[in-house]
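Colleague: Take a look at this one; I'll ask things after.
The values are calculated or read from the model by the stated rules, or taken from the named source; none is laboratory data. The shown structure was predicted, so the numbers you read here are calculated from the model rather than taken from an experiment. Heads up, the Cβs are rebuilt from the backbone with ideal geometry, glycines too, and the neighbour counts pull from every protein chain shown.
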Amino acid sequence: MFIYFTALCSVASELPVLVVLRFLDGCVGSVPIVIGGGTIADMYAPETRGRAMSVYMMSAMMGPPMGPIVAAVITQKLGWRWIFGAAAIASATLSIVCFFYLEETHEETVLRRHKKKKTEQKRQRVCKLSWPHFELEGSEKIANSLRQPFILLFTDRAVLVLGIYQAFAYGYMIFMLTSFSNVFIGQYGFSTSTSGLPYLGIAVGFGVGVVITSTTSDRIASALTLQNDGVRIPAFRLPLMAWSCWIPPIALAGYGWSAFYKVHFMVPIAAVALYSIGLQLIMVYLSEAHKTRVASAIAAVTVLRCLLGSVLPLVGEIMYEKLGLGWGNTLLAFMAFALMPLPWLIMRSGQRAGKEMPLNDKA
C-alpha cells in the first residue's frame with residue numbers, strides 16, 4: 001500500500017488530493033518503523049540489544065537528513081513529481097528483497113505456526129473445518145494489535161512520559177528544519193542543489209549518537225546489573241539518556257543565535273549535529289521494559305512523535321517571524337530545559353519497580 005499511495009502522489013493534480021494521499025502514505029509507512037524495533041528485540045539478547053537497536057534507529061532516523069539532499073537533486077533535474085516516483089521505485093525494490101529474505105522472528109508466533117503445521121499434517125479436512133475459526137482469530141488479533149499501543153500509552157506511565165519527551169525532542173528538530181531554507185539559502189547563499197547539504201549535520205549527529213550508544217549502553221546496563229547483585233531491570237538503559245538531556249537546550253540556543261548573528265555556516269550545522277546525538281536512546285529502554293509488546297510500545301511512542309512532528313511545522317514559521325531565530329530557539333531551549341527531569345523521574349521510578357519485578361532471562 002505504501003508503494004501504491006506513493007506512486008499516486010507523483011501523479012496527483014490537486015493539493016487536497018496530495019494531502020490525503022500523503023496522510024495515507026504516512027499511515028502505512030509507519031508500519032516498518034514499528035515492526036522493525038520489535039524484530040530487533042526478538043533477534044538479540046538483552047545484553048547486546050543496545051548496540052543493535054541503536055544501529056537500527058539510526059537507519060530509521062536517517063530519512064529527515066538524507067531525504068532533502070536527494071530530493072533537492074531530483075527536483076532540480078527531473079521535477080518534484082519524481083521525488084515520489086523514485087521513492088516508489090526504491091520501496092518496491094526493497095519490498096521484493098524483504099519478501100524473499102525476511103522471516104518471522106516473534107518466538108510465540110514461530111512456535112504457534114510450527115505447532116499448527118504439525119497439527120494440519122494429521123488432519124484430512126483442515127481447510128473446511130478450520131477456515132472460519134482462523135478468520136475470526138485473525139480479525140481479533142488485528143483489533144487487539146490496533147488497541148494495544150493506545151492501551152500502553154494511557155496506562156503505562158513510562159511509555160506516556162517517554163513518548164512526550166521524544167515527541168517534543170523530535171518536534172524541536174522539525175522546528176529547526178523549517179528554518180533551514182531561510183537560514184542557509186537566504187542568509188548563507190546556498191543554491192537549490194546544495195541547500196540539502198546542511199542536513200548532513202543531522203546525519204553526522206545520528207552517526208555519533210549510534211557510536212556512543214552502541215559502545216556504552218550495553219556496558220552501562222551490564223555494570224549496573226553487577227552492582228544490583230545480578231538483577232537486570234529496564235531502567236538500567238536510561239542513564240545514558242538522562243545524562244545527555246542537557247544537550248537539546250544547548251544545541252537549540254546555539255543554532256538560533258549562531259544563525260541570527262550569521263556566524264560561519266558550520267556553526268549552526270554543528271549545533272544541529274549536537275542536537276541529533278541523543279534522539280535514538282529511548283527505544284532501547286522500551287525494548288526491555290515491554291518484552292512481549294515491543295512493537296506496541298514503539299507504536300505508542302511513534303504516535304505521539306508523529307502527531308507533534310506534523311503540528312509543530314505549522315507554527316514554526318510564525319514563531320520565527322515573531323521572535324526571530326535567536327529568541328525563537330531560546331524559547332525552545334527553555335521548553336527543552338523544562339523536560340530535562342522526565343528521564344530522571346522514569347529512571348528512579350523504574351529502579352524502584354525493578355526491585356519488585358526484575359527482568360527474567362527470557363527478556
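Colleague: Select, from ILE346, ILE282, the only residue that is within 26 Å of VAL231 (Cβ to Cβ), modelled with pLDDT of 75 or more, buried (at least 22 other Cβ atoms within 10 Å of the Cβ) and not polar (S, T, N, Q). Steps first, answer last, please.
Modeller: Working: ILE282 fails: modelled with pLDDT of 75 or more.
The conditions single out ILE346.
Colleague: State the number of residues belonging to region 237-264 that are touching a residue at least 24 places away in the same chain (Cβ under 8 Å), among the aromatic types (Phe, Trp, Tyr) and either buried (at least 20 other Cβ atoms within 10 Å of the Cβ) or part of a helix (DSSP H, G or I) (or both).
Modeller: Final tally of qualifying residues: 3.
Colleague: Might you check whether a residue that is among the aliphatic types (A, V, I, L, M), in a helix (DSSP H, G or I) and closer than 30 Å to MET266 by Cβ occurs anywhere in region 212-228?
Modeller: Looking only at region 212-228, we keep the residues that are among the aliphatic types (A, V, I, L, M), and these are 212, 220-221, 223-224, 226.
Okay, now just the ones that are also in a helix (DSSP H, G or I), so 212, 220-221, 223-224, 226.
Add one more test, that the residue is closer than 30 Å to MET266 by Cβ, and what stays is 212.
Scanning region 212-228 turns up at least one residue that is among the aliphatic types (A, V, I, L, M), in a helix (DSSP H, G or I) and closer than 30 Å to MET266 by Cβ.
Colleague: On to the next question. For TYR275, indicate whether it is at pLDDT 85 or above and within 17 Å of the chain's Cα centre (by Cα). Write out each step before concluding.
Modeller: On the way: at pLDDT 85 or above: yes; within 17 Å of the chain's Cα centre (by Cα): yes.
So TYR275 fits the description; yes.
Colleague: Next question, about the same structure. For residues in region 285-329 being charged (D, E, K, R) and more than 24 Å from VAL19 (Cα to Cα), which is modelled with the lowest pLDDT?
Modeller: First, pick out the residues of region 285-329 that are charged (D, E, K, R): 288, 291, 293, 305, 317, 321-322.
If we keep only those that are more than 24 Å from VAL19 (Cα to Cα) as well, we get 288, 291, 293, 321-322.
Numbers: GLU288: 68, LYS291: 63, ARG293: 71, GLU321: 83, LYS322: 86.
It comes out as LYS291.
Colleague: Sticking with this one: Could you tell me which of the residues ILE233, ILE220 is surrounded by fewer than 20 Cβ atoms within 10 Å (Cβ to Cβ), closer than 25 Å to SER349 by Cβ and over 20 Å from the mean Cα position of the chain (by Cα)? So that I can check it myself, show each step before the final result.
Modeller: Numbers: ILE233 fails: surrounded by fewer than 20 Cβ atoms within 10 Å (Cβ to Cβ).
It is ILE220.
Colleague: Taking TYR170, is it under 18 Å from GLY254 (Cα atoms), modelled with pLDDT of 80 or more and aromatic (Phe, Trp, Tyr)?
Modeller: Values: under 18 Å from GLY254 (Cα atoms): yes; modelled with pLDDT of 80 or more: yes; aromatic (Phe, Trp, Tyr): yes.
So TYR170 passes the test.
Colleague: Right, next: List pairs: first residue in region 220-233 and among the polar types (S, T, N, Q), second residue part of a loop (DSSP other than H, G, I, E, B) anywhere in the structure, Cβ distance under 6 angstrom, at least six positions apart or on different chains.
Modeller: Qualifying pairs under 6 Å: THR225/ARG232.
Colleague: Is it the case that LEU197 is buried (at least 17 other Cβ atoms within 10 Å of the Cβ) and either of a type in the set (D, E, K, R) or out of contact with any Ser or Thr (no Cβ under 7 Å at 6 or more places or on another chain) (or both)?
Modeller: Numbers: buried (at least 17 other Cβ atoms within 10 Å of the Cβ): no; either of a type in the set (D, E, K, R) or out of contact with any Ser or Thr (no Cβ under 7 Å at 6 or more places or on another chain) (or both): yes.
So LEU197 fails the test.
Colleague: Has region 163-179 got at least one residue that is crowded, with 19+ Cβ neighbours inside 10 Å, hydrophobic (A, V, I, L, M, F, W, C) and not in a helix (DSSP H, G or I)?
Modeller: No - not one qualifying residue is present in region 163-179.
Colleague: Okay, moving on. Out of (1) in contact (Cβ under 8 Å) with a residue 60 or more places away in the chain; (2) touching a helix residue (DSSP H, G or I) at 6+ places or on another chain (Cβ under 6 Å), what's the single condition that is false for MET43?
Modeller: Among (1) in contact (Cβ under 8 Å) with a residue 60 or more places away in the chain; (2) touching a helix residue (DSSP H, G or I) at 6+ places or on another chain (Cβ under 6 Å), MET43 violates only (2).
Colleague: Looking at the structure I just gave you, is LEU332 surrounded by 21 or more Cβ atoms within 10 Å (Cβ to Cβ) and modelled with pLDDT under 75?
Modeller: Working: surrounded by 21 or more Cβ atoms within 10 Å (Cβ to Cβ): yes; modelled with pLDDT under 75: no.
In short, no.
Colleague: In region 40-62, what residues are in contact with an Asp or Glu (Cβ under 9 Å, 6 or more places away or on another chain), surrounded by fewer than 21 Cβ atoms within 10 Å (Cβ to Cβ) and part of a helix (DSSP H, G or I)?
Modeller: ASP42, ARG51
Colleague: Right, something else. Looking at the structure I just gave you, is ARG232 among the charged types (D, E, K, R) and outside any helix (DSSP H, G or I)?
Modeller: Details: among the charged types (D, E, K, R): yes; outside any helix (DSSP H, G or I): yes.
Yes: the conditions hold for ARG232.
Colleague: Still on this structure, please answer the following. Anything in region 82-113 that is modelled with pLDDT under 80 and of a type in the set (A, V, I, L, M)? List them, or say none.
Modeller: Result: LEU102, VAL110, LEU111.
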